[in-house]
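Report on one structure; see the data block that follows.
The values are calculated or read from the model by the stated rules, or taken from the named source; none is laboratory data. Source: prediction; values computed, not measured. In this analysis, Cβ positions are derived from the backbone assuming ideal geometry, glycine residues included, and neighbour counts consider all displayed protein chains.
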Amino acid sequence: MRNLYFFIIGIAFGIIMIKSEAASWFRIFEMFNFESFHMYGIIGSAIATGFTGNYFIKKLNLKDLNNNKIQFKIKENTYRRYIIGGSIFGLGWALVGACPGPMFVLLGAGFYSILIVIFSAVIGTLIYGILKEKLPH
Amino acid sequence: MDLILSSWPWYISGPLISMIMFLLIFNGKTFGVSSNLRTICSICGGDKLSIFFKIKVKDHMWNLIFIFGSVIGGFIGFNFLSQSKSVEISDKTKIILESYGIESFKNDYIPTELFHIENLGINNLAILIIGGFLIGFGTRYAGGCTSGHAITGLSQFQVGSLYAVIGFFLGGLTMTHLVFPFLFL
């Protein structure tokens with residue numbers, strides 16, 4: 001049953017990515033050219049509503065469906081891995097115009113060449129995992 | 001119905017994305033798509049190459065199911081819920097694209113000049129492979145992508161996520177303004 005739930009949320013996510021055009025290379029290109037508010041509006045309003053919800057989760061000590069208190073993991077107190085890793089991701093994001101979510105959504109939409117991107121992304125993750133201890137974090 | 005079939009405005013799309021995040025949070029999960037790439041590595045035997053991939057795949061199954069759902073969602077959204085396949089980008093963006101010789105925005109959702117199977121020469125193949133590699137390597141290095149850092153992290157005021165998003169833009173702006181002119185002009 002739980003699996004069906006995640007499957008349905010996934011379907012909703014895929015539809016939202018297509019319909020918001022966030023899965024379009026053109027929208028990402030436009031965003032990095034600062035030629036439209038659209039993508040900034042999407043990310044900004046997602047953060048704003050997300051922040052409001054998180055505020056009430058903390059304020060009201062809300063529990064999840066498994067009856068566990070909802071807690072937010074604090075991310076590591078460093079900046080190197082975020083700036084370096086983030087920049088590497090950003091280069092790829094702009095180049096193929098898709099982040100990890102939209103990659104899979106585009107596959108469903110029938111753009112089969114995105115399989116090459118997905119495959120390379122898995123290889124990229126694998127190489128990171130192998131080199132992890134040698135990289136500055 | 002027209003409202004659903006046309007492109008969704010940002011003030012609808014953004015809150016819907018955070019709704020996805022909350023639907024996952026209330027199930028004891030977090031919204032982070034790129035973790036799936038790590039899980040896929042583990043399934044394919046990556047645990048023999050690095051302890052980084054020694055994870056309990058079972059604990060991450062829900063996320064793979066989520067991403068499988070999003071493939072189906074992409075199919076439904078694109079084939080049944082879209083009147084036009086083109087994207088409503090601004091006129092200025094169109095002018096820049098035309099100067100790069102990219103015209104497919106008139107009819108297509110993503111540039112066929114880059115992605116169409118028939119156009120998959122050495123150059124495009126290199127773009128897709130290098131782009132994918134940078135995404136996979138970078139997201140895991142940064143510990144998350146747009147969903148995990150820009151949406152989840154920033155909505156929790158996580159400082160690390162702010163650095164990551166600054167990185168996303170450093171990389172994205174470099175690619176768009178310093179590399180694209182070499183690639184397309």
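Among the residues of the range A:93-116, which ones are without any contact (Cβ under 8 Å) to a residue 12 or more places away in the chain and assigned to a helix (DSSP H, G or I)? Give the steps one after another, and end with the answer.
If we filter the range A:93-116 for residues that are without any contact (Cβ under 8 Å) to a residue 12 or more places away in the chain, which is where we start, we get A:95, A:99, A:107, A:110-113, A:115-116.
Residues satisfying the conditions are A:L95, A:L107, A:L115, A:I116.
May I ask you to list pairs of residues, at least six apart or on different chains, whose Cβ atoms are under 9 Å apart, with the first in the range A:56-74 being closer than 19 Å to B:Q158 by Cα and the second being among the basic types (K, R) and in a helix (DSSP H, G or I)?
Close Cβ pairs (under 9 Å, with a partner that is among the basic types (K, R) and in a helix (DSSP H, G or I)) amount to A:I70/A:K58; A:F72/A:K58.
Please pick out the residue among B:G153, B:G132 that is under 16 Å from the mean Cα position of the chain (by Cα) and either under 22 Å from B:I20 (Cβ atoms) or not β-branched (V, I, T) (or both).
On inspection, the qualifying residue turns out to be B:G132.
Would you please list the contacts, defined by Cβ atoms under 7 Å and residues six or more apart or on different chains, that run from a residue in the range A:39-51 that is within 7 Å of another protein chain (Cβ to nearest Cβ) to a residue that is among the polar types (S, T, N, Q)?
The qualifying pairs are A:I42/A:S20; A:I42/B:S13; A:A46/B:S18; A:I47/B:S155; A:T49/B:S18; A:G50/B:S18; A:G50/B:S155; A:F51/B:S155.
Restricting to the range B:5-38, give me the number of residues that are under 19 Å from the mean Cα position of the chain (by Cα), within 16 Å of B:H149 (Cα to Cα) and assigned to a loop (DSSP other than H, G, I, E, B).
Residues meeting the conditions: 5.
Return the pairs, sorted by first residue and then second, in which the second residue is of a type in the set (D, E) and not in a loop (DSSP other than H, G, I, E, B), the first residue lies in the range B:66-87 and is at the interface with chain A (Cβ under 7 Å from one of its Cβ atoms), the beta carbons are less than 6 Å apart, and the residues are 6+ apart or on different chains.
none
Being β-branched (V, I, T) and over 14 Å from B:V33 (Cβ atoms) is the filter; apply it to the range A:81-105 and report the residue that is surrounded by the most Cβ atoms within 10 Å (Cβ to Cβ).
A:V96
I want to confirm something. Restricting to the range B:44-65 and keeping residues that are in a helix (DSSP H, G or I) and more than 10 Å from chain A (Cβ to nearest Cβ), which single residue is surrounded by the most Cβ atoms within 10 Å (Cβ to Cβ)?
Taking the range B:44-65 as the starting set, the residues that turn out to be in a helix (DSSP H, G or I) are B:46-48, B:51-53, B:57-65.
Filter once more, so that each one left must be more than 10 Å from chain A (Cβ to nearest Cβ): B:48, B:57-60.
On the way: B:K48: 9, B:V57: 13, B:K58: 7, B:D59: 9, B:H60: 18.
Among residues in the range B:44-65 that are in a helix (DSSP H, G or I) and more than 10 Å from chain A (Cβ to nearest Cβ), the one surrounded by the most Cβ atoms within 10 Å (Cβ to Cβ) is B:H60.
Working only within the range A:1-37, note down all residues that are touching a residue at least 12 places away in the same chain (Cβ under 8 Å), small (G, A, S) and over 22 Å from B:L23 (Cα atoms).
Passing the criteria: only A:S24.
What pairs can you find where one residue is in the range B:40-58 and among the acidic types (D, E), the other is crowded, with 18+ Cβ neighbours inside 10 Å and in a helix (DSSP H, G or I), and their Cβ atoms are less than 9 Å apart, with a gap of 6+ or different chains?
Qualifying pairs under 9 Å: B:D47/B:C41; B:D47/B:F53.
Which of the residues that make up the range B:121-154 are in contact (Cβ under 8 Å) with a residue 12 or more places away in the chain and not in a helix (DSSP H, G or I)?
If the condition is that a residue be in contact (Cβ under 8 Å) with a residue 12 or more places away in the chain and not in a helix (DSSP H, G or I), then B:G143, B:G144, B:C145 are the ones that fit.
Output the residues belonging to the range B:77-119 that are of a type in the set (A, V, I, L, M) and crowded, with 18+ Cβ neighbours inside 10 Å.
Answer for the range B:77-119, where residues must be of a type in the set (A, V, I, L, M) and crowded, with 18+ Cβ neighbours inside 10 Å: B:V87, B:I89, B:I96, B:L97, B:I102, B:I110, B:L114.
Read through the list (1) assigned to a loop (DSSP other than H, G, I, E, B); (2) facing another protein chain (nearest Cβ under 7 Å); (3) among the hydrophobic types (A, V, I, L, M, F, W, C); (4) more than 15 Å from A:L95 (Cα to Cα), then give the number of the only condition that B:F157 fails.
Single failed check for B:F157: (2).
Identify, from the list A:F37, A:F72, A:F26, the residue that is touching a Pro at 6+ places or on another chain (Cβ under 8 Å) and hydrophobic (A, V, I, L, M, F, W, C).
After applying the criteria, what remains is A:F26.
Is there a residue in the range A:120-136 that is more than 17 Å from the chain's Cα centre (by Cα), among the aromatic types (F, W, Y) and more than 25 Å from B:Q156 (Cβ to Cβ)?
No, the conditions are met nowhere in the range A:120-136.
Return only the number of the condition from (1) at pLDDT 95 or above; (2) surrounded by fewer than 22 Cβ atoms within 10 Å (Cβ to Cβ); (3) at the interface with chain A (Cβ under 7 Å from one of its Cβ atoms) that B:Y163 does not satisfy.
(2)
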